[in-house]
Every structure is written in C-alpha cells, then in structure tokens.
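For reference, the structure is listed below as structure tokens.
Laboratory data are not the source of any read-out in this text; all were calculated from the coordinates shown. Source: prediction; values computed, not measured. For neighbour counting, all protein chains shown are included, and Cβ atoms are generated from backbone atoms with ideal geometry for every residue, glycine included.
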Ligand code: SF4
C-alpha cells in the first residue's frame, strides 16, 4: 500500500487507451466499472478531441459480480463490433476487472469476430501508464505486422507518437521534414494516425525512427529482431541531438547527411548578447526519461545553464537517466513521488525548473519559474499553434519557452538597483508575466505537505535554517540580504550559512555575507 | 418571467413511464464527490483505499491539480496487498497512523472504499471501527464506499453523509436539518432566509467542522438541498427525523416552494413568509429574465450525470421557457423527486440508467438546441454541431436559491450565446465542418 496524492502516470489501461485513441479503425473493449469512463475526458477535454475515444467499457456493477460479468463482456464486445465495425480490436481489463479474472482475451476469441482481436495484459497493481502504451503497441505490432517487401525508395516508420502525448502532433511534422531533407520518406506513423492495415505493412520501411522510447521501444526491438529493421537511438530534441540524429539516420540509411538549418534560430539567439544573463542559471530538470535527458543536454550545451538536478519518474528509463546524470556530475533522482521531487528541488534551490505540470505547481509553491518539457500533460500543453519539441523548429520553440518564465537580462539589473522601489517589491515577478506571477515573497502558500511518504515533510521555505547549528543572522546582515534580488536570495542565504558553519561562526554579519559571496563567486 | 403556477390538477411527469436501458454508462463513480466534500469539511480527511485508477480519477476530475493542501489521498493497493488480507489491514493501520501523526488538525477521517477494495472484500467498516478505537476521541474514523460498482457520481456524497448520521448527537426539541453540501456563500444566504422566517435551530449536514454536527431526533425535520441524498434521508428517518418533500431550491419557483414547505412545518405565517421572500423573489425573477433570453423556445436534452436533472429540467422549462426532449438521470428516486416531477409538463422522455451509444443516437436524431452532458461527451457533441453544457459545473458552482437563479440560467445560456457570437467562424472559407477538432 502506498499513499498517493498526485501521480505522474495513470494506470496501464490508460496507456492502452492512448494507443487506441491515436489510431484509426481500432477499437478497445475494456472490462471496467463505470467510474473508469472518466478517462474519456483526458482526450476530449485536455487534448480537445472532437470525437470520443474508440473505447467501450463494460461498466459492470456490484450486482453483476455474483452473476455473469463474463457474459456482459461478451455482449459489450459483440455490440462494439457491430456498432463501430473496426478493422481490429484490442481487449483488456482495468484494475477491478483484473481481480475478477474473466479473461477478456479468451472471451473475445470465443466470439469468432471476423477481425483480429488482440488481448492485452495490463498488470494494474505493478505497472503504469507508459508500460501500457509500450505493451499495447508491442502486442498490436506483433499481432499485425508481417514481413513484407521493403519500399523501393528509402523509407522509415515514425514510431511512438500516441494520443495525449507532449507535442507529438507537431513532432511528427518536424521529423517528417527532417527525414525528407535527407531523402527519406515516411512509410507509416504509428500508433498515432495509423490504421491496423498500416501496422500490417510496417515491415516495408527500411528502418524505424523511435521517437518516444516510452511508448514504442518494445515494438522497435521486436521489429529489429523479427523484421530486420534497425531503429534510431537518438531522440532529436535540441540542436545537438537533432544533428546527431541526422548522422544516425545517414549511417542507417546509407545516405549522406543533408540538413537545412536556415530556420534554426536557437544558436544565434543563445549567443546574442541579450542572452548573456542566461549564463550559469541553475536549472533542475525532471520529466519522463527521454525528455529529461534531452533537456539536460540542451540546458548545458545550448543555453549555457548549470544543471543542478536531473531525474525522471518512469523507472523504465532509470538506467539511461542515471548515466546522463553522472556525466553532469549529479546523482539522478528517480521517483514517482512528487513530494520527493519537491524536496529535492527545494534543496537544490534552482533558478529555473524544467519539468512537468507537477513541477510547475511545485515551482509555484517555491516561487521558482518553471517551463514544461514533458508529459503528464495539461490543456495548456496542447497549444493551437505549431509548437514541436523535435528538430530545428523544436529547438526554437524550446529556447522561447524556457526563457519566457525568466526575468529578462536588463530587468534583472534594474530590479537589483532599485530594490527599494515599491513596484519592485519581492512579490513582483517578471514584468511580462503580469500580476499573476510572483517571487518567493509572494503568496506564502501552505507550507506543510498534506500527506506523503514516511520521510519528514520537506522544508517548503527553502531559506529557513534547518539545522540548529546554523549561525544567527544579525539584523544588519538580514537587511543587506533583503537587498539581494529575491531570485538569488535563497542561494545567498544558504551559501552564507554554509560558509559560516564551516568556519564555526556563531553570528552572521554584513561582512560574513560578502566574504561568503567572494568565496562562492565563480 | 413566467409566472410560477402549479400545473392545474395534473401530475406532470410523475406517472410517466421511465425508459430504462442497460449498456455502457458514461458516468463518474462516487469517489468524485471527494473533490467538493474535502473542501466543505475543513477538518476531514478522505483516504481512498483503491488503485492507481482511483488516484488518477481524483486527479483528473479535479481538472486542475489543487496543490494547496489536498485533504484526500489514495492508499494504492499493490500486488503484495492482494496476496493476503491481513497484510492489507496492517498496512492500512500504519498509513493511517502516519497520516494522523502528520496532520493533527484532522478530526474526521473517512476510509473510502473503491471497486478494488470491495472486490477483494477488504472490510473497511471493521477497519474504521478498529482505527476509531485507536484514535478516539481526537479523531472519528468513518467508512463509506465511493466505488463505481455501487455508486454513481453524487451517490458518493450520499454515502458519506449517511455514514455520519449514526454518530450525530441526539436532539430533543424541534429543529431543522438541511442536508447536502453547499458552497459556503450559498449556505450563508440560506441561513439568512431561514433566520428571517424565524426557523431554527438549523443544523447543516455536512457541518463545516466536526463540532458543528447537527443533533437529530424525533422533533427534527429534514429538508434536502440536493436530490441525490436518498440513503442519507433514510438514515435520518431511522433516527426519528421527518422528511419534508418539496421541489428543489433551483430558480425562483423552486426556492419559494422549498422554503414554503419548511415554513409550513414550522408554522410561519403567510405575512412573514411574504415579507421575507418578496424582495429576493422579485430579484431572482429579474435576474432569470435577464439571463434566460437565449433559452426561450429552445430544446434541451439531459444525459444522466448528477441526479439534478429533473429539478433542473423543471427550472429550465418553467422559468426559462425551454422545452425538454429527454431528461436522463442515473437514478430516479420517485419519492424525493415527486414534487419536481409533478411540476414538469408531460412530453420529455424520462430515462434512468444508460446505454450511452443508444442515447447518443437519440440525441443526434432529436438535435436539441442544448445538450447537458459529461466531460467525455461534450466536445464530441460540439464537433457534431450540438451545443453542450458540462453537467459537472452544476455540482461545483453555486446554483441554489434566489440569488443564484440568474447565474443558473446564465450557465445554460452561455453556450448558446457563445454559439451565436462565433457563428461567423463556422464552415471556413470553403464551407464544411468546424475547423481544428482532432478526429
Ligand atoms: S470506478 Fe472503481 S476503480 Fe474506477 S476510479 Fe471509481 S472506485 Fe476506482
């Protein structure tokens, strides 16, 4: 039993829904109680889809339990086939139906429907949503993909995009453009946009582009083994990764690398003098493994940030994330407990968080700006405009969206110089973000964690002295500290206290503050 | 606008045969009530014993993640808990112990059952009794089920309130209990009206804090503020209380009838009743008239959601000039809804339960001007050109009593007004379907 308030991932059957909803001509019959139909709103509200997910729920009730839930499943399955006439069906159980062990696969098979019916195993009590997408896609590919002749021209499949993905819609367009620049066509995009017939001819592609390992790595491995299709390891998020990706495509396809970087603006935007203030900004990176790894590289090598924390919530990616973290001289944070993430962020006191919607809320609480880099998604993560993460345009989008939450360069200096100006009080955030944004001096917010794991509630107020050994601040030093801009004040306080502690000082005066500043100056 | 007048000698829809179909039900489970109950009861904590799905439901139904101190959590069952029940109980005791140690402000703890906890027959009733002994008197531990195999959406609140009834203190004299969680602002308005009528003492169920629990006894009269509280009403009746049946307090007419029933039970004079209600009634009528313009003469179709459908249909047809095509409700409690059914002019299909695909077919055939439905159906209906109102908003926003009557009409009118405002966008330069909706 594990106490949970907010979760990064839903149950595995939601992953199955993301695959089914992304595809066309596929229908999912889910053995589940009525309340599980809430999942439809993820697609119709968050993603603003204009049609219902292709999912039928059996919605069995307590009174059915003693009687005949199996028959209910059979009739739901038959009705779904008759009404929707899908080209293929997938069947599975949600957490409750898993307990009553009706065997949806066997029941569906006994109906003798004239289309392929693929049974899913979705262990709800041990696995989660990303497992569900990966597993569902694997089972579909295994059931439907057959060895077929390769296309004459060099083509690739784009695999991994699903419904409710973080910018998948636009990433597909961007990667398609990158490949076409190399002279590589697209054989199929799957699961998103694919029909069961498209899956049957996945084998016609010369190789696979694994866009999102979270959702298609198992299928990529299977196709490599069974269909002889190599797959790309580099995920083209960021300038360097996109260049590496094109090199990899060139190697796999035996083609010279060709790329049109004329629309790529990140390198110059990042080099231009206005961006000097970005240098060494401390960032904390957390998300799904793929996006976190990509963000860490961009942060350090393309923005000039200092990565002070890196982690992911999906254990499946733990190894890869740990390796990258080690290269940054960090220990990776692998957890799906947002309270642990919050505590780690508070301890690292970054100037910017690159995270998910969960970290955006954590940032709000701690008064740290946040840019979203990964699922889990929110309605805001489905912008009307074109906003990929991959490829050249993805890099441009990332530059803008990461810089946006920060205080702009000259503004930062003005804030420092005119600290006493009433409009520049600590609660004033970046001027372009309006009245809603605030620094740590803004709304105090509840400081105690509601519930959490056994670990003590994380200290929400980052600057609060934690240990009793901390030296006391003399009033003059406190006043001086207040003149330091709020977005670096927590760091200044911590550094000064550490400096004082190391020297065994009982009190912190103005001089201590400046000695510490000199000591820690980079 | 319309003058409220009871249907002459008619029984409205009271005897209308009910369409019952059995198929996929597109509704929330009772856990959803936690979203508003945990805000209403400030010293209560809701611990769902369930699965990752239950946790995800609460997170998704909340729409936004309310990061500020949520007083709910899910104890997610894991494989090892399924292996042996003894373990699950020990784990539960441990988690509750930790939780209460960390949250000394909690006075009421609800162990909320879910489908998985029921299917594995985890006895949360007994667990609650055991934990109650451990943590009394500081914390009262109670149990109810919000499982989707037993409860639909608002039935969770019913189960929660019913669970509190046996623990209410006993009352000797005459009193009124108003049952149903209302937004604080609405509750305060109601209290002012009742005080004006000289009705009292007034107890509220649920009370904002544990020490405000209303006493109940043979002299107690119960008025339901929400129609989905059948179990709660039965539990109060078992404590000797008497039910007041009346139309629900939506709109000017419903509010007046609801207050009149209470006034009757407490012997309030007609003069006093008029003196207290005249001004707010007039205000409510003006507000409804101002907001309901786009609704007049339009048709409305209710998908089952909260059990508020019948009273709302009554309000929309009698005070806003709409015509109901179908009034679907997850469960039709004829006793409680009788007074509203009587005021609803015959005509609409009254349906209970759901086969969502068949019901969608009926809605498509009827092409109502406004469809009231859940979040899973709204955008797909809009993409088919049918204006919708999310039903869930009716449970989350202040809509009861006189001073919300105009807002209530406005909630329904807004989608139609918006449709009018955006009419120029339809079709695009080449004509055709609305642009942008992902398939
Ligand atoms: S329907 Fe059952 S399993 Fe699903 S969220 Fe509700 S209580 Fe949990």
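What is the average number of partner chain Cβ atoms found within 10 Å of a Cβ in B:45-57? The partial results should precede the final answer.
Numbers: counts 2, 0, 2, 1, 1, 3, 9, 15, 15, 6, 8, 14, 7.
Mean shielding count: 6.
On C-alpha positions alone, give me the angle between the axis of helix A:318-327 and the longest principal axis of chain A, in degrees, nearest 10.
The angle comes out near 30 degrees.
Please state the Cα pair-distance histogram of the range B:30-151 with 10 angstrom bins from zero: what percent is in each bin?
13, 49, 34, 4
Average partner chain C-beta neighbours within 10 Å, per residue of B:17-25?
On the way: counts 0, 0, 0, 0, 0, 4, 6, 11, 8.
Per residue, the average neighbour count from other chains is 3.
Could you grab the relative contact order for chain A? Cα pairs under 8 Å, six or more apart, rounded to a whole percent. Can you show the working numbers first?
Values: 983 pairs, mean separation 64.7, N = 522.
Result for chain A is 12 percent.
For residue B:414 and residue B:16, what does the FRET efficiency come to when R0 = 30 Å and r is the distance between their Cβ atoms, rounded to the nearest 0.05?
Approximately 0.50, to the nearest 0.05.
So for each of A:309-322, B:118-131 I average, over its residues, the number of other beta carbons within 10 Å; can you give me the resulting order with the highest mean first?
Result, highest mean first: A:309-322, B:118-131.
Compute the relative contact order of chain B as a whole-number percentage, counting only Cα pairs closer than 8 Å that sit 6 or more residues apart in sequence. Intermediate results must be reported in sequence, preceding the final value.
Details: 832 pairs, mean separation 80.0, N = 439.
Contact order relative to length: 18 percent.
What is the spin-label model distance, in nm, from residue B:367 to residue A:275 if the labels are put 7 Å beyond Cα along the C-beta direction?
Taking the simple label geometry, residue B:367 and residue A:275 are separated by 5.5 nm.
Stokes-Einstein diffusion coefficient for the range A:28-118 at 37 °C in a medium of 0.692 mPa s, Rh from the Kirkwood formula over Cα pairs: what value in µm²/s? Intermediate values should be presented prior to the final figure.
Details: Rh = 13.5 Å.
Once the numbers are plugged in, D ends up at 242 µm²/s.
Taking the highest mean first, how do the peptides A:112-118, A:282-288 order by number of other beta carbon atoms within 10 angstrom per residue?
Working: A:112-118: 15.6, A:282-288: 28.3.
Highest to lowest by the protection proxy: A:282-288, A:112-118.
Using label points projected 7 Å from each Cα along Cα→Cβ, tell me how many nm separate residue B:135 and residue B:94, to one decimal.
Placing both labels 7 Å along Cα→Cβ, they lie 1.7 nm apart.
List the relative contact order of the range B:286-406 as a percent without decimals, with contacts defined as Cα pairs under 8 Å and 6+ residues apart. Don't jump to the answer; show the numbers that get you there.
Working: 187 pairs, mean separation 35.3, N = 121.
After rounding, I find 29 percent.
Work out the FRET efficiency for residue A:71 and residue A:115 from their Cβ-Cβ distance, taking R0 = 30 Å, and round it to the nearest 0.05.
Details: r = 21 Å, r/R0 = 0.70.
That gives a FRET efficiency of 0.90.
How far is the Cα center of the range A:325-342 from the Cα center of the range A:258-295, in Å?
Cα centroid to Cα centroid, the span is 21 Å.
Could you work out how far the C-alpha centroid of the range B:327-364 sits from that of the range A:91-145, in angstrom?
35 Å
For all pairs of alpha-carbon atoms in the range B:215-357, what percent lies in each bin of width 5 Å, listed from the first bin to the last filled one?
For the range B:215-357, the pair-distance distribution reads 2, 9, 17, 19, 19, 15, 11, 6, 2, 1, 0.
Restricting to bridges with both residues inside chain A, how much of the DSSP beta-bridge set is antiparallel, in percent to the nearest 5?
Details: 1 of 39 bridges.
Percentage antiparallel, nearest 5: 5.
Residue B:279 label point, 7 Å along Cα→Cβ, cut-off 20 Å on backbone N: hits in the range B:395-421?
Flagged as within label range: B:401-407.
Rounded to the nearest 5, what % of DSSP beta bridges with both residues in the protein assembly as shown are antiparallel? Write down the numbers at each step before the final one.
Numbers: 5 of 93 bridges.
Percent antiparallel among DSSP bridges in the protein assembly as shown is about 5.
How shielded is B:141-149 by partner chains, expressed as the average number of their Cβ atoms within 10 Å of its Cβ atoms?
Values: counts 0, 0, 0, 0, 1, 1, 6, 14, 11.
Counting Cβ atoms of other protein chains within 10 Å of each residue's Cβ and averaging gives 4.
Would you mind giving the average projected area, over all directions, of the Cα convex hull of the protein assembly as shown in nm² with one decimal?
Working: hull surface 171.7 nm².
Spelled out: convex hull of the Cα atoms, projected over all directions, averaged, 42.9 nm².
Where does the Debye-calculated log10 I(q)/I(0) of the range A:183-235 sit at q = 0.18, 0.30 Å⁻¹, using only Cα point scatterers of equal weight, no solvent?
-0.54, -1.47
Tell me, what is the Rg over Rh of chain B, with Rh the Kirkwood radius over Cα pairs?
Details: Rg = 22.6 Å, Rh = 23.0 Å.
A ratio of 0.98.
With the radius of gyration and the Kirkwood radius both derived from the Cα set of the range B:175-283, what is their ratio Rg to Rh? Each step should come with its number before you reach the end.
Numbers: Rg = 13.3 Å, Rh = 14.1 Å.
Radius of gyration over Kirkwood radius for the range B:175-283 works out to 0.94.
For the Cα atoms of chain A, what angle does the longest principal axis make with the long axis of helix A:357-366, in degrees from 0 to 90, nearest 10?
Between helix and principal axis, roughly 20 degrees.
What does the highest-first list of B:213-226, B:409-422, B:48-61 look like by mean Cβ count within 10 Å?
On the way: B:213-226: 20.7, B:409-422: 17.1, B:48-61: 26.4.
In descending order of packing, they fall as B:48-61, B:213-226, B:409-422.
At q = 0.11, 0.13 Å⁻¹, what base-10 log of I(q)/I(0) does the Debye formula yield for chain A when every alpha carbon is treated as an equal point scatterer in vacuo?
For chain A at q = 0.11, 0.13 Å⁻¹, log10 I(q)/I(0) is -0.99, -1.25.
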